[in-house]
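What follows is a set of notes on a single structure, which appears directly below.
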Amino acid sequence: MNTTYCSIWNESLGAWVAASESTRTRGKRSASRVAAARIALTLPPSGHLRNAIATALLAMSGLGWSSLAQAQSVTCAPAPYNAYDSTASCMGLGSAASGIGATALGASAQAQLLGGLSVGYASLSAGQNSISLGFQAYSSAINSIYLGARTAPTTGATAGGAIGIGTDVTASGANAIATGSVAIASGANAVATGLLAIASGDNAISLGASSKATGLRSVAQGYQANAAALDAVAQGTTATATAQNAIAVGFQSVATQLNSVYIGSRTAAGTGATAVGAVAIGTDVTASKDNATAIGFQSKADAATSVALGPNAATSGAGGAMALGSGTIASNVNAVALGAASQATAAGATALGTFATVTGGNATAVGVGANSSANFAFAGGYQAHAAAENAVAVGTLANATGISSAALGNLANASADFSLAMGNQAVSAGIG
């Protein structure tokens, strides 16, 4: 025999339940008691029980039950501005979550794809598994993340695996990371950290406010540091490396040519490593010719393949010069000056010793204050002087002023061509 059932309010459970019509009902203690609908339900034999229960649940849905059989999409347009189904959830006026596991929290928040999370006013998660957290935060690619406020329309985390953290940040390269206000990481695997930092080269790294790493694999670290070429490195405030493999390290350091290196601070305009393969190390150092090396305060290597080592050391000329020591000068091809304030100013000249001076081609002066002023001359000893071609002066204050003359000994003097003065204070004034 069939039994007739109806829907009644169970006060202890706080829910509508099915009961035999013979069961006494007290109703719900509210105005809804008058409006409570009685639903007649006849249970057939057990073979039809499943269909009967389904029919009852469908009828009960009109009393406020939400169906779980919807697609994975919910919209929080009507009050109370929250909704969920078996996989998607939203909360906030105008928010919406679409896709399995999608969640949107906040007014107008949108989570549009599988696994998306959008939290904050008008935030938008438009990529699979993407996360947007903050005012108008925007992540649009798979596994992308944006954390922070966003007011500029072109910003956001817009590439696969990209991460943007800060205000109006742009992470548009695959797996790029941008952190800091208005930071931009647009190269693949690039990292930009700091206010207005930019990393636009693939695998580039930019660290510091207004720093820029625009070359492939370039690195810029420091305020306004600029690495603008392939594998360039700029480290320090306003450091600049603008050529392939260039390295600039230090305050305002500059390396502008292929394989050039500048290490140290720079305060004077025109200084830096400005030629191919040039190396400049120190403060206000200049290496301006190919493969030149300048090391020391205000040292200057202005000849190709030359070396200037020491404070204010300087090289110039056609190339190959070496100036080693404080204030040394080697100003001609293959000239060598070694010793404080020594000078070699002719081609092939060699000056060894403090204040040693050579002005003759292929001439040599060895000793403090030694001086060779003619081609192929040689002066050796304290203030020795060889002043004629092929002249030789050896000894303290020795003096050879005749062509091919020789003065050997302290205060020896050979003044005539081809003459020889040998011994202490020896003098030769005639033809040898």
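Just so it is clear, none of the values below were taken in a lab; they were calculated from the coordinates. Computed from a predicted structure; not experimentally measured. Backbone-built Cβ (ideal geometry, glycine too); neighbour counts: all protein chains shown.
Taking a ≥ b ≥ c as the square roots of the eigenvalues of the Cα gyration tensor of segment 201-309, is the shape rounded (a/c under 1.5), prolate (a/b larger than b/c) or oblate? Could you put the intermediate results ahead of the total?
On the way: a/c = 2.99, a/b = 1.60, b/c = 1.87.
Cα axes put segment 201-309 in the oblate bin.
What is the distance, in nm, between label points placed 7 Å from the Cα along the Cα-to-Cβ direction at T267 and at F135?
Computed distance between label sites T267 and F135 equals 4.4 nm.
Counting only residues 5 or more places away or on other chains, whose amide H sits under 5 Å from the amide H of G236 once H atoms are built in the peptide plane?
The list, which skips near neighbours in sequence, is Q221, G222, G250.
Taking amide H positions as placed 1.01 Å from N in the peptide plane, with prolines and chain starts having none, which residues 5 or more places from N82, or on another chain, fall under 5 Å of its amide H?
Under 5 Å from the amide H of N82 lie the amide H atoms of G92, each far enough along the sequence or on another chain.
Which whole-Hz ³J(HN,Hα) couplings does segment 196-213 yield from phi under the Karplus relation 6.51 cos²θ - 1.76 cosθ + 1.60, θ = phi - 60°, glycine and proline marked x?
3J(HN,Hα) across segment 196-213, in whole Hz: 6, 5, 10, 10, 9, x, 4, 6, 7, 10, 10, 10, x, 4, 6, 6, 9, 10.
Enumerate the amide H contacts of A393 below 5 Å, restricted to partners 5 or more residues apart or on another chain; note that Pro and chain-start residues carry no placed amide H.
Result for A393 returns F378, A379, G380, A407.
I'd like the distance between the alpha-carbon centres of segment 277-292 and segment 364-432, rounded to an integer number of Å.
Going from one Cα centre to the other spans 38 Å.
What is the distance in Å between the Cα centres of segment 112-159 and segment 323-357?
One Cα centre to the other: 66 Å.
Compute the FRET efficiency between A318 and F251 as 1/(1 + (r/R0)^6), taking r as their Cβ-Cβ distance and R0 = 25 Å, and round to the nearest 0.05. Don't jump to the answer; show the numbers that get you there.
Values: r = 33 Å, r/R0 = 1.32.
The formula returns an efficiency of 0.15 here.
What list of ³J(HN,Hα) couplings, whole Hz, do you get for segment 331-347 from phi and the Karplus terms 6.51, -1.76, 1.60, once you set θ to phi - 60° and write x for glycine and proline?
My calculation for segment 331-347 gives 10, 8, 4, 6, 6, 9, 10, 10, x, 4, 6, 6, 9, 10, 10, 10, 4 Hz in order.
Work out the length of the dipole vector of segment 183-297 about its Cα centre, built from +1 on the beta-carbon of each Lys and Arg and -1 on the beta-carbon of each Asp and Glu, and round it to the nearest 20 debye.
Result for segment 183-297 is approximately 80 debye, rounded to the nearest 20.
Using a basic spin-label model with each label point 7 Å from the Cα along Cα→Cβ, how many nm lie between T396 and A79?
Here the answer is 11.2 nm between the modelled labels.
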